[in-house]
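To start, the structure under review is shown below, and the notes come after it.
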Amino acid sequence: MKAPDFAYARPADLGAALALLAEHGTEAQPLAGGQSLMPMMNFRLAAPEILIDLSDVAELRGLERTRDTVRIGAMTRYRDLEDWPDLGGTLPLVAMALPHIAHDAIRNRGTIGGSIALCDPAAELPAVMRVLAAEIEVAGAEGSRRVAADDFFTGFYETACGEEELIVAIHVPVAEADRVYGFHELAQRHGDYAMAGVALSALSPNPIRSLRAAFFGIAATPVRLPDLEAALEGLTACEAQAAVTAALEGLDLLADTKASADMRRHLSGVVLKRALEAM
Amino acid sequence: MTGPLSELDRPNSYIGRAVPRADAARLLAGRGKYLDDIRLPRMLHAVFVRSPHAHARIKAIDTEAARAMPGVAAVYTGAEIAEHCTPWVGVLSHLAGLRSPPQHSVAVDVARWQGEPVAVVLARSRAEAEDAADLVDVDYEELPPVLDAEAALEPDSPRIHEGYDSNLAWERKVDVGDIDTAFAAPGVTVVERTFRFGRHTGVTLEARGTVCDYDPGEGVLTMHYSGQAPHMLQVILSRHLGMAEENVRVVSGDVGGSFGIKVHTYGDEIACAALSKMLERPVKFVADRQESFLTDIHARDHVVKARMGVDAEGRIVGIDMDDITGIGPYSMYPRTSAIECNQVLNLTGAPYMMENYRARGRVVFQNKTLMCQYRAVGHPIAMAVCDGLLEDVARATGRDPVELRRLNLMPDDGYPRASASGMKLADLSHQKTLEKLVELMDYDALRRDQEEARARGVLRGIGLCSMVEVTNPSPAFYGIGGAPIASQDGATCRLDAGGALHVSSSVTEQGQGTNAILAQIAADRFGVPIERVKVTTGDTATVPYGGGTWASRGAGIGGEAMLLAADALKHQVLEVAAALLQAEAGVLDIRNGTVVDATTGAERIALSDLARTVYYRGNELPPDLKPELIATRHYRVTDFPFVFTNGAMATHVEVDAETGFVKVLGFWVVEDCGTVINPMLVDEQVRGGVVQGIGGALYEECLYDEEGQLLTATMADYLVPMAAEMPDIEVAHVETPTSTSVLGAKGAGEAGTGGAPAALLNAVNDALAPLGASIWQQPMTPERVLRAMGRL
Ligand SMILES: Cc1cc2nc3c(=O)[nH]c(=O)nc-3n(C[C@H](O)[C@H](O)[C@H](O)COP(=O)(O)OP(=O)(O)OC[C@H]3O[C@@H](n4cnc5c(N)ncnc54)[C@H](O)[C@@H]3O)c2cc1C
């Protein structure tokens, strides 16, 4: 379990990082917190020829609040967010999700940009970003662009970030005063990737008004079903549970050693109900 | 305070006290010396090319590209290694009929499980060796994998071994009394269940491995190994490498956990010894986590169909069971993979009185990792089957499970006696432990809590288990069947010139605190402050000959040897003191490192003065006095094949009716391991054991797909129990010393693991009872629980 040989670069700014990416193309891979990439390399599931360490890229750092958005630099670590005193008031949904992400040691190193870039099917933050209608800022040789979270997570470990692009920051709208936020996930052990989880916001939880919900851990990417959200309008949490299981029928859900697709469908209804009831 | 001194008040009374272990601080400070810390000059790193298939013929291996890689010293195939290392056969003569074909250290023609080594690369670094191993080109012809143990017995199943008429490795039958008549008698209620126990494995913090160092100058091979039985390995290396035993030295330094995983013969480790000899260079191999999952022995893997009958009064009339267990493609050498099944047959029902017992066990080959002895060999199966059926019968007949146990447990005053399966039992306390447990857990209060929870629609359950544990085995376990495994152990105590005690023992330290209790016993019996005892274990070149650590025998057997050696040394020292002081030896004693007057406690001569006189100024001694100041004693259990211990445990769980998640709310254990040498260590053994039992019951499973690919080969997929989910585990003791030894200690290492799965099974089924649902498969994962409830 040793990574194959690789070269290592530590560019000082975004321009240099992008230039390296352009130069090495698919042979290069950006390195953020390394919590996912290093194990993949040790398992020899990833074998980049060169790692471009983003630690020194100033443009990727920082946590700034403007009037109605928070800009989270891609290299912001989970720990930085947890330590940010304004987090609960500004991004309550993110605050709810963070304790469920892995363990302290991993949160000390893991980055928000890494989580969004990796797009693990069970990751919390991609779902959270969809619920919050965040925008992901990516930069490439042609400059930078913003992609809505709803359009960003395109497939199993696939995103709209091109191979020669980098995620620079995530722009997250601050909590709306009239909305409430909810989160629930089911993992057999604390800190594990969820068997099923949901992040949501609503004007009112029970009965439901104006729901936005994204399920994670159940399919290749976070699942948001606008039709379902509309259909849940006015329902109680209990009624919503059954509606969710029905709506997920026929969807291509994950199945692994921890839960079959049927189990995930069932648990999706449970997590939604529990999240709503806890709000 | 006045009054006579109790045993615990006298100086150096360490036996029975929670003495902190001397090496804890060192290990916590990161000063442990584990296998991977060993770096020798000219050392090569071995990386094994492992079969990606569960079953495949090796048609050709091309090693050329790998050989050309930077840093590579050599590449060998299984056939090349076989010229230097003979294959082994994992059978024992007392397990009549057990068969297993010769197994090579590295596969030669056919690979029979995913992960079996087929070739090896030796290079300057592990990374370089891994790079080269990627380039070893093996041409495989895939063969049909045999995976399910039940299906493997079907006549049309593919065979794993040529020339074998079936995939059956061993079969044993026990038939006592007349079970059919007993079950058919009027008023008898019979319950029947099929139990399934998944495979799990040990997941030692320190992976297994070896550093082998052949010195051509002396013709001596030194194997550093992270393991439990150095002398056993010495014989095995000598046999299969064709070396004299005295030219093989096995050294076991700090060991980061073993749980039985590290008491077996692993081809990759033995191959390293052969390679070191072939290349005349040190060779290191330490399994990475993935290799551990693929090649460390797995445990359990049973399907048991079982019935229990009780008469109208609730008395157990008998048990009838049929166990099929899958062991992988070979029986593990030298302990065999039939012992687990043998134990299941021996132990099922052993806590209870019954006249009729019929059991059949079949041990079956399959294309999965080898299955063999792991902590609490066979116990969790035997206990879950018997106590699972017992509580099932309690539900079926409307009886309280505690009452049913009271009625059926063997009475404390009825020993010695035998179990229905014929096990000789003595000095047990099932009744006392059960009553103490009921009190400790406040059984009645928990039942009230359950009622109240049920009224709220919350599913809570209480489950118990009364159990026995096999400890302190005599030669009946292995030696009798021809295995090179000592059942006796030795200890040496030496008084050094400075008055310190230097002791060594053939039992080993795996992190459980063996060295600590050996020091306690020596210091206590001899009479020195414990700080003045230095312990050496784990080196065949220096310690007495013995079996090592397994089957919960370290304290009971190794401890007794140490006690006898300390007593013998004390006798010698007092003889010298008597001569020097012109007193009778009988009026002297040793306390706190000083020879004293036994009645007044007046100090007569310090041990250091005595020792210096003996070592430096022997002229001051009478000419006919020739003190050695060193004593070795060996001890083995006679009279009994095993010294059984017993215990009672209980757990309280909540089952989430919507998710199937099982939350363990509390766990209680009352253990009787005889004399408790160190309550702190025993309690932690029990707790650690319970946690491993909870792992097997709720989380851990080695799962394969239909091609025989292991799906759980990382720590993300294989769920070990974690602290956050573990309950408080309350431990109490009943102490019934074994009459087989002076020390009176039985084993304590496996009880928790042996009993916890039964208690959990019972608690979950108790919780599910209002729904008329039950589950008989472990681990009881959320999905399985939901399916059992019919909610999925
Ligand atoms: C034991 C364990 C448990 C875990 N549990 C959870 C969990 O419960 N929930 C969860 O969400 N995660 C979990 N994780 C994953 C952890 O959160 C990841 O490490 C994280 O999501 C990735 O962040 P990173 O900074 O470590 O990225 P890295 O591992 O450095 O990179 C991940 C991928 O993203 C790419 N990348 C990184 N940054 C950028 C960028 N700015 N632009 C473009 N591409 C980029 C890399 O090239 C790589 O392909 C767990 C990890 C471990 C080891």
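The values are calculated or read from the model by the stated rules, or taken from the named source; none is laboratory data. For clarity, every value in this text was computed on a predicted model and none was experimentally measured. We place every Cβ from the backbone using ideal geometry, glycine too, and count neighbours over all the protein chains shown. We work out accessible area using only protein heavy atoms, side chains counted, and drop any ligands, DNA or RNA first. Shrake-Rupley method; radii C 1.70, N 1.55, O 1.52, S 1.80 Å.
Sort the stretch B:50-155 into rounded, prolate or oblate with this rule: let a ≥ b ≥ c be the square roots of the eigenvalues of the Cα gyration tensor; rounded if a/c is under 1.5, and if a/c is not under 1.5, prolate when a/b is larger than b/c, oblate otherwise.
On the way: a/c = 2.78, a/b = 1.77, b/c = 1.57.
Note, shape of the stretch B:50-155 comes out prolate.
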With all protein chains present and a 1.4 Å probe, the order of B:L786, B:L294 from largest accessible area down is B:L294, B:L786
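Compute the Cα gyration tensor for chain B, then decide on rounded, prolate or oblate, letting a ≥ b ≥ c be the square roots of its eigenvalues: rounded whenever a/c is under 1.5, prolate when a/b is larger than b/c in the other cases, and oblate in all that remain.
Working: a/c = 1.91, a/b = 1.10, b/c = 1.74.
Cα axes put chain B in the oblate bin.
Contact order normalised by length for the stretch B:1-126, with contacts defined as Cα pairs under 8 Å and 6 or more residues apart; what percent is it?
With pairs under 8 Å counted, the relative contact order is 35 percent.
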Square roots of five times the C-alpha gyration tensor eigenvalues of the stretch A:7-50, ordered largest first and given in whole Å, equal 20, 12, 7
Among trypsin sites (Lys or Arg not before Pro) in the stretch B:159-260, those in a DSSP loop whose Cβ has at most 16 other Cβ atoms within 10 Å are B:R159
With every protein chain kept in place and a 1.4 Å probe, the protein assembly as shown has an accessible area per residue in Å² of 36 Å²
Between B:A426 and B:E355, the FRET efficiency computed from the C-beta separation at R0 = 30 Å comes out, to the nearest 0.05, as 0.90
Checking rank on B:261-272, B:604-615, B:464-475, B:422-433, with mean other Cβ inside 10 Å and highest first, the result is B:464-475, B:261-272, B:422-433, B:604-615
For the table B:K534/B:K570; B:K173/B:K305; B:K262/B:K534; B:K570/B:K626, the rows whose alpha-carbon distance is greater than 20 Å are B:K262/B:K534
The whole-number value in µm²/s of the Stokes-Einstein translational diffusion coefficient for the stretch A:118-213, with Rh from the Kirkwood sum over alpha carbon pairs at 10 °C and 1.306 mPa s, is 108 µm²/s
Under the helix-only model (-39500 (n - 2.57) for each DSSP H run of 4 or more, divided by the residues of chain A), the mean residue ellipticity at 222 nm, to 500 deg cm²/dmol, is -9000 deg cm²/dmol
At 37 °C in a medium of viscosity 0.692 mPa s, the stretch A:180-278 has a Stokes-Einstein diffusion coefficient, with Rh taken as the Kirkwood radius over alpha carbon pairs, in µm² per second, of 251 µm²/s
Given unit charges at Cβ for Lys, Arg (+) and Asp, Glu (-), the dipole magnitude of the stretch A:180-278 about its Cα centre in debye, nearest 20, is 220 debye
Mean projected area, convex hull of alpha-carbon positions in the stretch A:59-173, reported to one decimal in nm², is 6.7 nm²
Once A:D53, B:D213 are ranked on solvent-accessible area with the largest value leading and a 1.4 Å probe, the list reads B:D213, A:D53
Debye calc, one equal point scatterer per Cα of the stretch B:352-409, no solvent, log10 I(q)/I(0) at q = 0.14 1/Å comes to -0.57
Heavy-atom accessible area of the protein assembly as shown with neighbours in place, 1.4 angstrom probe: carbon+sulfur share in percent works out to 50 percent
Expressed as a percent, the portion of alpha-carbon pairs in the protein assembly as shown spaced more than 41 Å apart is 50 percent
For chain B, the helices passing both cut-offs (Cα extent along own axis of 30 Å or more, Kyte-Doolittle mean at least 1.0, full DSSP H runs) are B:559-581
Rounded to the nearest Å, the spacing of the alpha-carbon centers of the stretch B:153-231 and the stretch B:596-656 is 38 Å
Relative contact order of chain B (C-alpha contacts under 8 Å, at least 6 apart) in percent is 16 percent
In whole µm²/s, the translational diffusion coefficient that Stokes-Einstein assigns to the stretch B:242-372, given a Kirkwood hydrodynamic radius over C-alpha pairs, 37 °C and 0.692 mPa s, equals 183 µm²/s
When B and A pair up, the total accessible heavy-atom area removed from solvent (1.4 Å probe), in Å² to nearest 100, is 2400 Å²
Dividing the mean separation of Cα pairs under 8 Å (6+ apart) by the residue count of the stretch A:7-50 yields a relative contact order in percent of 44 percent
Rg (one decimal) and Dmax (whole number) from the Cα set of the stretch A:23-75, in Å, equal 14.3, 45
Any GluC sites (Glu not before Pro) in the stretch B:141-214 that lie in a DSSP loop and have at most 15 other Cβ atoms within 10 Å would be B:E162
